[in-house]
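> One structure coming up, written as structure tokens, with questions to follow.
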Amino acid sequence: MSDILFIKTSSLGDVIHHMPAVSDARRQRPDARIGWVVEEAFAPLVRLHRAVDEVIPVASRRWRRAAFSPSTWREIVTFLRAMRSQTHGTVIDAQGLVRSAIIARFARGRRHGYDRASVREWPARYFYDAHYRVDRSLHAIVRNRMLTAQALGYAPDGPLDFGLDRAALTAGAGARVAVLLHATARPEKEWPVASWITLGRWLGNQGYRVMLPWGTAAERQRSVEIAAALPGAEVPDLRPLDEVARLVARASIVVGVDTGLLHLAAALGVPLVAIFLGTEPEQHGPLGAGKIEVIGRLGQIPAVDEVRAAIERIA
């Protein structure tokens with residue numbers, strides 16, 4: 001049983017943006033048992049959060065791909081039975097989608113979520129017992145903290161705490177490493193391959209070992225294409241997120257587009273340069289305790305020289 005059960009299932013950036021709210025809840029309720037329902041792919045990362053006592057994986061993405069498979073339905077029934085088997089004091093749906101609200105509906109406890117003006121999908125509000133207004137124009141981290149604070153009855157304050165311990169993840173760190181995060185699910189967020197290659201060559205000349213992580217087959221192909229033009233660059237194998245967190249934590253510098261791993265670097269306090277092209281940084285930009293430079297904005301393609309200058313300011 002969890003005294004507080006959070007439902008924030010995906011995506012990676014959304015999960016990371018919810019971490020400070022969980023840390024807030026722990027500060028306010030130091031003796032509470034805290035659970036978190038999250039997509040199975042992100043569960044290894046959530047388990048690294050200091051304040052989380054129980055991680056409950058859900059496989060909704062995988063289930064959608066095999067919706068008519070008998071094994072899918074068996075897994076769904078098992079998950080729902082597990083949700084109904086224990087009582088929670090407070091259930092907070094921080095996702096605000098119909099699918100996350102349905103998960104909340106099967107949790108036994110008082111269910112809290114956004115009101116009609118604040119929720120991302122308006123039918124979700126019908127699944128909640130208590131509703132809260134949070135300005136949708138605010139940064140996602142602020143929204144999560146405000147919703148959680150209202151549900152638990154305190155005022156959100158204090159510095160951002162993502163609940164991750166970078167020092168514990170950096171054992172064995174050695175050479176100067178630059179992690180380049182080119183991969184994104186939305187084409188309008190992509191920075192040109194030629195720009196990555198030019199930047200990577202400059203980083204190599206500065207003594208950095210370049211790493212190009214990826215998450216899908218298409219992203220791996222792009223990593224290989226960039227690495228082929230950069231002597232000594234590495235394309236690591238696909239790894240679970242806790243191992244990726246260790247890779248990012250060991251980096252001397254991270255450069256990336258608006259993607260989940262960029263926000264993970266910010267959460268870990270790694271110096272980073274964020275390249276924005278398809279989203280506005282005011283609502284989606286990386287926040288954290290480390291040095292952060294944000295270059296570009298919606299509809300603009302930053303030049304390599306701008307990114308290089310940003311690296312020199314924080315490296």
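The values are calculated or read from the model by the stated rules, or taken from the named source; none is laboratory data. Since the structure is predicted, the reported quantities are computational estimates derived from the model, not experimental observations. Please note: Cβ atoms are built from the backbone with ideal geometry, for glycine as well, and neighbour counts cover all protein chains shown. Heavy atoms of the whole protein, side chains included, go into the accessibility calculation; ligands, DNA and RNA do not. Shrake-Rupley method; radii C 1.70, N 1.55, O 1.52, S 1.80 Å.
> Is one or more of the residues making up segment 13-26 open to solvent by 40 Å² or more (accessible area, probe 1.4 Å), of a type outside the set (D, E, K, R) and at pLDDT 95 or above?
No, there is no match, as no residue in segment 13-26 is open to solvent by 40 Å² or more (accessible area, probe 1.4 Å), of a type outside the set (D, E, K, R) and at pLDDT 95 or above.
> Let me ask you something else. Could you tell me whether any residue of segment 277-285 is open to solvent by less than 30 Å² (accessible area, probe 1.4 Å) and modelled with pLDDT of 95 or more?
The answer is no, given that none of the residues of segment 277-285 is open to solvent by less than 30 Å² (accessible area, probe 1.4 Å) and modelled with pLDDT of 95 or more.
> I would also like to ask the following. Please work out which one of (1) basic (Lys, Arg); (2) in contact with a strand residue (DSSP E or B) (Cβ under 9 Å, 6 or more places away or on another chain); (3) more than 30 Å from Val119 (Cβ to Cβ) is the condition Arg166 fails and give its number.
Status for Arg166: all satisfied but (2).
> In addition: Based on this model, can you work out whether Val37 counts as touching a strand residue (DSSP E or B) at 6+ places or on another chain (Cβ under 8 Å), aliphatic (A, V, I, L, M), farther than 22 Å from Arg120 by Cα and touching a residue at least 24 places away in the same chain (Cβ under 8 Å)?
no
> Kindly indicate whether Arg136 is among the charged types (D, E, K, R), crowded, with 19+ Cβ neighbours inside 10 Å and either under 23 Å from the mean Cα position of the chain (by Cα) or part of a loop (DSSP other than H, G, I, E, B) (or both).
No, not satisfied.
> Only one of Arg64, Arg105, Arg74 is touching a helix residue (DSSP H, G or I) at 6+ places or on another chain (Cβ under 7 Å) and among the basic types (Lys, Arg); which?
The conditions single out Arg105.
> Just for segment 185-222: of the residues that are β-branched (Val, Ile, Thr) and surrounded by fewer than 23 Cβ atoms within 10 Å (Cβ to Cβ), which one is nearest to Thr279 (Cα to Cα)?
Checked segment 185-222; the qualifying residue nearest to Thr279 (Cα to Cα) is Val193.
> Still on this structure, I have one more. So, restricting to helices (runs of 4 or more DSSP H) that lie completely within segment 166-253, which ones have at least 1 residues that are at pLDDT 95 or above and closer than 14 Å to Ile311 by Cβ?
Filter on segment 166-253 gives 193-205.
> What tally of residues in segment 243-256 results from selecting those that are of a type outside the set (Gly, Ala, Ser) and buried (at least 24 other Cβ atoms within 10 Å of the Cβ)?
Residues in segment 243-256 being of a type outside the set (Gly, Ala, Ser) and buried (at least 24 other Cβ atoms within 10 Å of the Cβ): 3 in total.
> Within segment 143-170, restricting attention to residues that are of a type in the set (A, V, I, L, M, F, W, C) and without any contact (Cβ under 8 Å) to a residue 12 or more places away in the chain, which residue is surrounded by the most Cβ atoms within 10 Å (Cβ to Cβ)?
Ala168
> Output the qualifying pairs, or none if there are none: Cβ atoms under 7 angstrom, residues six or more apart or on different chains, first residue in segment 289-308 and part of a strand (DSSP E or B), second residue open to solvent by 50 Å² or more (accessible area, probe 1.4 Å).
Glu293/Arg313; Ile295/Glu306
> Right, something else. I'd like the full set of residues that are surrounded by fewer than 18 Cβ atoms within 10 Å (Cβ to Cβ) and closer than 18 Å to Ala25 by Cα, limited to segment 81-130.
Residues satisfying the conditions are Gly89, Arg110, Ala130.
> Next up: So, in segment 257-274, exactly how many residues are among the small types (Gly, Ala, Ser) and either open to solvent by 10 Å² or more (accessible area, probe 1.4 Å) or in contact with a Phe, Trp or Tyr (Cβ under 7 Å, 6 or more places away or on another chain) (or both)?
Total meeting the criteria: 3.
Results for (1) in contact with a Phe, Trp or Tyr (Cβ under 6 Å, 6 or more places away or on another chain); (2) closer than 23 Å to Arg108 by Cα; (3) without any contact (Cβ under 8 Å) to a residue 24 or more places away in the chain, shown as yes or no for each residue.
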residue	(1), (2), (3)
Arg26	no, yes, no
His49	no, no, no
Val55	yes, yes, yes
Ala59	no, yes, yes
Arg64	no, no, yes
Ser69	no, no, yes
Leu80	yes, yes, no
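> Output the number of residues of segment 113-133 satisfying the condition of being aliphatic (A, V, I, L, M) and either in a helix (DSSP H, G or I) or within 19 Å of Ser23 (Cα to Cα) (or both).
Qualifying residue count, segment 113-133: 1.
> Anything in segment 130-158 that is more than 20 Å from Gly35 (Cβ to Cβ), among the small types (Gly, Ala, Ser) and in contact with an Asp or Glu (Cβ under 9 Å, 6 or more places away or on another chain)? List them, or say none.
Result: Ser137, Ala140, Gly158.
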